[in-house]
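Down below is the structure, laid out as structure tokens.
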Amino acid sequence: MPEDFDESKLAAAFEQLPRLLADDLNLVRRGAFFDAQFQVGIGAIPFDVVVAAGKIASLERGPFVMRSWRFAVRGTAEAWHKLWQPVPDPGWHDLSALVKRGSTLLEGDLQPLMANLQYVKDLLALPRRLNVEKR
Amino acid sequence: MMAATLEPIVGRYVTLQLGGRSHRVYFEEAGQGIPLVCLHTAGADGRQFRHLMVDDEVTSHFRILTFDMPWHGKSLPPQGWEKEEYRLTTAGYTEMIVAFCRALELDRPVVMGCSIGGRIVLSLAIEHASLFRALIGLEAADFQSPWYDTTWLNRPDVHGGEVCAALVSGLIAPQSPEETRHETLWMYKQGGPGVFKGDLYFYRVDGDLRGKVGAIDTNTCPLYLLTGEYDFSCSPDDTSRTAEKIKGAEVTIMREVGHFPMSENPRQFRRYILPVLEKIRTTP
């Protein structure tokens, strides 16, 4: 039987990104030269993320009408649920693994993403800490 | 005054003629006994095996040797490198390994390679089995599906070292210790421009062994394949699919390990590799 993944709970976890990032000064430091506006899809729920000098300048939940973005990272609810487990299973443990298996799509101009790949991977993995805190 | 703590690893340089050109190749060795030549992954260098090289249980029976491929680590590119694009080929890689073993007069060495090193081990098993006592492929398969576009690895608007490390970081298991995880990534951050990309030419274009591995005769040379469960580049399924076509190949799937077993989690790796080395040592 397919598992049920609650998009709204996952989106609520993602909305905590500003606090989670503010608690990680080393990640902020590593993003010092990163400025971008990008979209993150948590299942069918889109988020508009603006990062300035490695800090979250704004995080807004969609839907949006005619919102511009440089790149987008759109994952299924299952992908985010499994990526954010305290110890993710093999094949669900990394953004590139999710892309390879087809449960996450990268869209748009990937240059800012690739130039800051570790930062973005670590940023998008931050909600895992909420699950670690729960344990 | 306290005595300095010296590791048993010794490094030297050897000059090899490869593709008709002279190459100054750096290698390290430790231990004594059966020669065990270790081949590093694409875009990295021989330091990946430094933990194995100070493991008394291995070095008491094996003479471990690891060389930095030309263009990698402390081995320089050949003279005139600035006028060409680096590309590793099956023929060039094979020539390099055979030339290194001959130059050091190694008698039927064991060769253990990881990733591209695991792929070339399969090629050695097809073409040169009689030269080796045993072959070990870590994260090895006859072919793997690409999971990123290699043009991102060498272009002026993306830092090469950072993007190489960021891509391969996901191939490390979440259980691997922070210290060895980041040591593994450091080598990728240090690679020369375009070198990782050039190695992947062999991996993705020139070294496709699909349809060829069935010719491997494990009676001539035993073949061991070990793959980490968190490796999504060369997955356990890729290795198992390959091994199904090779009669007598022994497969081990390593738990809580990714694509760089010897460097990302040396403690976990030795649990799996020690029994293999013991078997090789005690088999006449």
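The values are calculated or read from the model by the stated rules, or taken from the named source; none is laboratory data. In this text the structure is predicted, and so the values were computed from the model without any measurement. Methodologically, a virtual Cβ is constructed for each residue, glycine included, from the backbone with ideal geometry; neighbour enumeration extends over all protein chains shown.
Within region B:1-54, which residues are in contact with a helix residue (DSSP H, G or I) (Cβ under 7 Å, 6 or more places away or on another chain) and acidic (D, E)?
The answer is B:E7, B:E28, B:D45.
Which residue, of B:G211, B:G258, is small (G, A, S), closer than 18 Å to A:A97 by Cα and assigned to a loop (DSSP other than H, G, I, E, B)?
Working: B:G211 fails: closer than 18 Å to A:A97 by Cα.
The unique qualifying residue is B:G258.
Can you find even one residue in region A:89-96 that is within 9 Å of chain B (Cβ to nearest Cβ), on the phi > 0 side of the Ramachandran plot and either over 13 Å from the mean Cα position of the chain (by Cα) or in a helix (DSSP H, G or I) (or both)?
yes
Would you confirm whether any residue within region B:248-266 is touching a Phe, Trp or Tyr at 6+ places or on another chain (Cβ under 7 Å) and among the acidic types (D, E)?
In the first step, residues of region B:248-266 are kept if they are touching a Phe, Trp or Tyr at 6+ places or on another chain (Cβ under 7 Å); the result is B:250, B:252, B:254, B:257-258, B:261-262.
Subset that is among the acidic types (D, E): B:250.
The answer is yes, given that some residue of region B:248-266 is touching a Phe, Trp or Tyr at 6+ places or on another chain (Cβ under 7 Å) and among the acidic types (D, E).
Quick one: is B:V110 touching a Phe, Trp or Tyr at 6+ places or on another chain (Cβ under 8 Å) and within 14 Å of chain A (Cβ to nearest Cβ)?
Values: touching a Phe, Trp or Tyr at 6+ places or on another chain (Cβ under 8 Å): yes; within 14 Å of chain A (Cβ to nearest Cβ): no.
When the stated conditions are applied, B:V110 does not pass them.
Matching residues to (1) farther than 15 Å from B:H23 by Cβ; (2) hydrophobic (A, V, I, L, M, F, W, C):
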| residue | (1), (2) |
| --- | --- |
| B:A44 | yes, yes |
| B:H72 | no, no |
| B:P109 | yes, no |
| B:G117 | yes, no |
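Among the residues of region B:65-89, count how many are under 26 Å from B:L52 (Cβ atoms) and in contact with a helix residue (DSSP H, G or I) (Cβ under 7 Å, 6 or more places away or on another chain). Show your work before the answer.
In the first step, residues of region B:65-89 are kept if they are under 26 Å from B:L52 (Cβ atoms); the result is B:65-76, B:88.
With in contact with a helix residue (DSSP H, G or I) (Cβ under 7 Å, 6 or more places away or on another chain) added as a condition, the list becomes B:66-69, B:71-73, B:88.
The number of residues fulfilling the criteria is 8.
Of (1) touching a Phe, Trp or Tyr at 6+ places or on another chain (Cβ under 7 Å); (2) under 17 Å from B:N265 (Cβ atoms), B:E179 satisfies all except one. Which?
The number of the failed condition is (1).
Condition check ((1) modelled with pLDDT of 95 or more; (2) small (G, A, S); (3) surrounded by fewer than 20 Cβ atoms within 10 Å (Cβ to Cβ)) across all residues:
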{"position": "A:I45", "(1), (2), (3)": "yes, no, yes"}
{"position": "A:R70", "(1), (2), (3)": "yes, no, yes"}
{"position": "A:G75", "(1), (2), (3)": "yes, yes, no"}
{"position": "A:Q85", "(1), (2), (3)": "yes, no, yes"}
{"position": "A:L95", "(1), (2), (3)": "yes, no, no"}
{"position": "A:L106", "(1), (2), (3)": "yes, no, yes"}
{"position": "A:P112", "(1), (2), (3)": "yes, no, no"}
{"position": "A:L130", "(1), (2), (3)": "yes, no, yes"}
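Cβ-Cβ below 6 Å, separation at least six or inter-chain, first residue in region B:184-196 and more than 13 Å from B:E85 (Cβ to Cβ), second crowded, with 24+ Cβ neighbours inside 10 Å and of a type in the set (S, T, Y): which pairs?
Every condition considered, the pairs that remain are B:T184/B:S263.
Could you run through region B:226-255 and say how many residues are in a helix (DSSP H, G or I) and more than 24 Å from B:Y148 (Cα to Cα)?
The first filter runs over region B:226-255 and keeps only residues in a helix (DSSP H, G or I), leaving B:236-243.
From the residues that got through so far, the ones that are more than 24 Å from B:Y148 (Cα to Cα) too are B:243.
Total meeting the criteria: 1.
Would you check which residues across region B:100-139 are part of a loop (DSSP other than H, G, I, E, B) and free of Cβ contacts under 8 Å to residues at least 12 places away in the same chain and list them? Spell out how you get there, then give the answer.
The first filter runs over region B:100-139 and keeps only residues part of a loop (DSSP other than H, G, I, E, B), leaving B:104-109, B:115, B:128, B:132-133, B:139.
Once the filter is applied, which keeps residues that are part of a loop (DSSP other than H, G, I, E, B) and free of Cβ contacts under 8 Å to residues at least 12 places away in the same chain, region B:100-139 yields only B:E105.
Only one of (1) touching a strand residue (DSSP E or B) at 6+ places or on another chain (Cβ under 9 Å); (2) modelled with pLDDT under 95; (3) surrounded by 18 or more Cβ atoms within 10 Å (Cβ to Cβ) is not met by B:T283, so which one is it?
(3)
Could you tell me which residue of region B:17-31 is farthest from B:K74 (Cα to Cα), considering only residues that are in contact with a strand residue (DSSP E or B) (Cβ under 7 Å, 6 or more places away or on another chain) and surrounded by fewer than 20 Cβ atoms within 10 Å (Cβ to Cβ)?
B:S22
Could you check region B:140-169 and list, in sequence order, the residues that are among the charged types (D, E, K, R), within 13 Å of chain A (Cβ to nearest Cβ) and outside any helix (DSSP H, G or I)? Working first, answer last.
Just the residues of region B:140-169 that are among the charged types (D, E, K, R), to begin with: B:142, B:149, B:155, B:157, B:162.
Restricting the remaining residues to those that are within 13 Å of chain A (Cβ to nearest Cβ) gives B:149, B:155, B:157, B:162.
The answer is B:D149, B:R155, B:D157.
Within 12 Å of chain B (Cβ to nearest Cβ), out of contact with any helix residue (DSSP H, G or I) (no Cβ under 8 Å at 6 or more places or on another chain) and assigned to a loop (DSSP other than H, G, I, E, B) - does that describe any residue in region A:63-85?
Looking for residues that are within 12 Å of chain B (Cβ to nearest Cβ), out of contact with any helix residue (DSSP H, G or I) (no Cβ under 8 Å at 6 or more places or on another chain) and assigned to a loop (DSSP other than H, G, I, E, B), one finds none in region A:63-85, hence no.
Can you list the strands (runs of 3 or more DSSP E) found entirely within region B:1-63 that contain at least 1 residues being in contact (Cβ under 8 Å) with a residue 12 or more places away in the chain and under 18 Å from B:M262 (Cα atoms)?
Filter on region B:1-63 gives B:21-30, B:34-39.
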